[in-house]
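Here the structure is laid out as structure tokens; the discussion comes afterwards.
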Amino acid sequence: MAILCDDLENDELVVRVHLHMLLDKIHRNTVSEHVVNELADVPLKVYGRGWERFEGRRNPRHEFLSFDAMSDNSFQYASRYGILDAAPIHDSLHDRTVRAMGNGAGFLMGSDWSYETFLGSDYGNLFFDGSPGALRARAERVMQSPEDHRALCRDFAQQYKRNFSLFNFTKYFEGMSDMIRTRAGG
């Protein structure tokens with residue numbers, strides 16, 4: 001920690017943000033490795049860097065692909081494969097999942113977000129929480145009927161958009177900012 005503080009010019013906030021980013025990356029990488037291990041017999045396309053060890057296993061069901069530029073990754077959100085998102089989100093959806101929803105793709109997402117509280121329907125088959133076998137059960141359900149899964153994802157996307165409009169949130173946020181600015185006299 002002392003070396004890190006020296007490296008980051010002793011700014012505690014910068015150190016905290018830096019550590020958070022490192023721990024978040026470690027968490028996502030670890031969860032992603034568990035996902036690939038747990039779904040060894042499930043067809044997967046894995047995007048990203050650093051998968052050489054897994055690629056060396058020569059699993060015929062797993063294909064490891066890379067992309068480096070953010071502008072070069074939209075194809076995965078519009079594919080017929082959908083995404084499996086292992087982002088550590090607890091009270092909302094990750095950007096990747098929202099992008100997949102916007103493109104009509106299927107998805108499975110690791111989250112313990114209480115979606116049913118807000119949407120009033122059972123979309124539990126779209127989320128996994130890390131409990132033993134939960135991801136496998138959902139992956140098997142997707143393989144049994146990919147079109148039913150995609151239809152459920154599309155229904156969820158419509159419900160989500162109706163209840164969590166980004167436009168409405170932005171307008172609310174702008175209104176709150178204006179109110180604070182007015183109260184502060186600026």
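Below are the figures for this structure:
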item: Distance (nanometres) between label positions extended 7 Å along Cα→Cβ at residue 16 and residue 34; result: 2.7
item: Difference of contour (0.36 nm per residue) and Cα-Cα distance, residue 23 to residue 145; result: 40.3 nm
item: Amide H contacts of residue 46 (H built 1.01 Å from N, under 5 Å, at least 5 apart or other chain); result: 63, 64, 65
item: Qualifying lysines (Cα of each under 26 Å from Cα of residue 171; at least 8 residues distant if same chain); result: 161
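Read-outs throughout are calculated quantities, based only on the coordinates presented, and are distinct from any laboratory measurement. The structure presented is a predicted model; accordingly, all values stated were derived computationally and were not measured. Reconstructed Cβ throughout: ideal geometry from the backbone, glycine too, with neighbour counts over all protein chains shown.
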